[in-house]
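Working notes, beginning with the structure itself.
The values are calculated or read from the model by the stated rules, or taken from the named source; none is laboratory data. Note that the structure is predicted; figures quoted are calculated from it, not measured. Cβ sites come from the backbone with ideal geometry, for glycine too, and all protein chains shown count toward neighbours.
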Amino acid sequence: MEEKRTSVFENGLIWFGAAVSIAEILTGTYFAPLGFTKGLLAILIGHVIGCAMLFFAGIIGGKVRKSAMESSKMSFGSKGALLFSVLNIIQLVGWTAIMIYDGALAVNGIFDIGNRIWCIVIGALIVLWIMIGIKNLGKVNTVAMTALFVLTIVLSFVIFGKGTMKNIGGEGMTFGAAVELSVAMPLSWLPLISDYTREAKKPVKATAVSAITYGIVSTWMYVIGMGAAIFTGESDIARIMVKAGLGIAGLLIIIFSTVTTTFLDAYSAGVSSESLTSKISGKWFAVAVTVIGTAGAIFLPLTDITDFLYFIGSVFAPMIAIQIADFFILKQNKETSAFSIQNLIIWLIGFVVYRLLMQVDIVIGNTLPDMIITIVLCVAVNKIRKLIPSKSIFVPPTD
């Protein structure tokens, strides 16, 4: 029986849903102190950088027909890659909790029945999406995305059509920090995109459409958030919707955007769990992640996510940089080794460099410089090792 593959259009819908997010709108509000022109420029530069990396990450998994965490074994070894599977699952549980928390808080501002009840409702809908399954979501996603598209256009007109420019007070971030905050959101999807492009009939086209769709719509969400703060003087999207008379429509925007985005996090956590052991059912692990995330959203205070985004960047930017170097430049595969000590050390250096660069205000942010440094280091070490005869640095797999 021929395996069912997702179309380019279906992949585009998946990443449209990933980008339409309350978390992205809220992050956009942080750009308001820069002013609209500088804020927009920072958002655009950051998304170009982040989505370029998203494209390369998707191509790797799409071409080899492996999930993001399975394809990382090609650079870090069959056992070494487990570190990133665990880190990825942790960040996905975190994202699931954050998204449910943000969604429930916002929707409760429109229809007040209690944050906890909305957390449970949103969590239950995410479980429903998981049970339907990624390969059977085509028609459901088409309907949901069409509704989200129309409602988001309405929200855009509400913000930009009736508001006037406000003077935003408070301490603003630097331009470089703003670019990095813009890079951070697409960067957070790096360990996930191959989970979907591996299922595509045409992986290269699907990856290109996915990255472009996500980039455009995510930029739009950031601009909505920034515009809300600048033109209406209000960063609470729920209040804006209520004032504009978007009661039920606003409710639908928040609920469906939260469900479609958080579904990807939970689903990918399930896929990552399968790389740890074949005994785990990815679907039921995803359900468990949703339940844990829902509990976290109910009981934990999850407000400012900037430090969380920067941590994700520091972990996964050097990881994907090494994968890009191995796959596109060095054309080598270390999957037959248990650990690539060399690449794990380079990753650790990349991680430290990222954290150090956070102390420096670079106009293009610190993700791109960190990835360039990591790629150059990876290529240089491999070239040098070929010139110096030595025993293999890779630990052979054990039975």
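Within segment 268-296, residues that are within 17 Å of W95 (Cα to Cα) have Cβ atoms under 7 Å from residues that are among the basic types (K, R) in these pairs: G270/K283, counting only partners at least 6 apart in sequence or on another chain. Restricting attention to segment 86-104, the residues being out of contact with any Cys (no Cβ under 9 Å at 6 or more places or on another chain) and within 15 Å of L251 (Cβ to Cβ) number 1. Residue-level check: of (1) surrounded by fewer than 19 Cβ atoms within 10 Å (Cβ to Cβ); (2) of a type in the set (A, V, I, L, M, F, W, C); (3) closer than 25 Å to A206 by Cα, F36 misses just (3). With respect to the conditions (1) of a type in the set (S, T, Y); (2) farther than 14 Å from F84 by Cβ; (3) more than 22 Å from the chain's Cα centre (by Cα), S340 lacks only one, and its number is (2).
The residues of segment 338-380 that are surrounded by fewer than 22 Cβ atoms within 10 Å (Cβ to Cβ), of a type in the set (G, A, S) and touching a residue at least 12 places away in the same chain (Cβ under 8 Å) amount to a single one, A338. Of all residues in segment 60-72, at least one satisfies being out of contact with any Phe, Trp or Tyr (no Cβ under 9 Å at 6 or more places or on another chain), of a type in the set (K, R) and not in a helix (DSSP H, G or I). Remark: F111 falls outside the filter, which requires a residue to be among the aromatic types (F, W, Y) and surrounded by 20 or more Cβ atoms within 10 Å (Cβ to Cβ).
On the given criteria, is S67 modelled with pLDDT under 85 and closer than 30 Å to A325 by Cα? Answer is yes for this residue. The one condition from (1) in a loop (DSSP other than H, G, I, E, B); (2) at pLDDT below 85; (3) closer than 30 Å to V315 by Cα that F111 does not meet is (3).
Restricting attention to segment 14-28, does a residue exist that is farther than 18 Å from T262 by Cα and either part of a helix (DSSP H, G or I) or touching a residue at least 12 places away in the same chain (Cβ under 8 Å) (or both)? Looking through segment 14-28, at least one residue is farther than 18 Å from T262 by Cα and either part of a helix (DSSP H, G or I) or touching a residue at least 12 places away in the same chain (Cβ under 8 Å) (or both). Within segment 326-369, being within 24 Å of I59 (Cα to Cα), of a type in the set (V, I, T) and in contact with a Phe, Trp or Tyr (Cβ under 9 Å, 6 or more places away or on another chain) holds for T336, T367. Is one or more of the residues making up segment 314-325 assigned to a helix (DSSP H, G or I), without any contact (Cβ under 8 Å) to a residue 40 or more places away in the chain and crowded, with 17+ Cβ neighbours inside 10 Å? No, segment 314-325 contains no residue that is assigned to a helix (DSSP H, G or I), without any contact (Cβ under 8 Å) to a residue 40 or more places away in the chain and crowded, with 17+ Cβ neighbours inside 10 Å.
Total residues in segment 293-307 satisfying the condition of being crowded, with 16+ Cβ neighbours inside 10 Å and part of a helix (DSSP H, G or I): the figure is 5. Here G233, G225 are screened, and the one residue that is in a helix (DSSP H, G or I) and either within 16 Å of A19 (Cβ to Cβ) or not hydroxyl-bearing (S, T, Y) (or both) is G225. Scan segment 57-79 and tell me whether some residue there is on the phi > 0 side of the Ramachandran plot and buried (at least 23 other Cβ atoms within 10 Å of the Cβ). Yes, segment 57-79 has at least one match. Of everything in segment 154-176 that is of a type in the set (F, W, Y) and surrounded by fewer than 18 Cβ atoms within 10 Å (Cβ to Cβ), the residue that is modelled with the highest pLDDT is F157. Within segment 309-325, the set of residues being of a type in the set (S, T, N, Q) and either more than 12 Å from N343 (Cβ to Cβ) or at pLDDT below 90 (or both) comprises just one member, S314. Does G94 fit the bill of being at pLDDT 75 or above, assigned to a helix (DSSP H, G or I) and more than 26 Å from I216 (Cα to Cα)? No: the conditions fail for G94.
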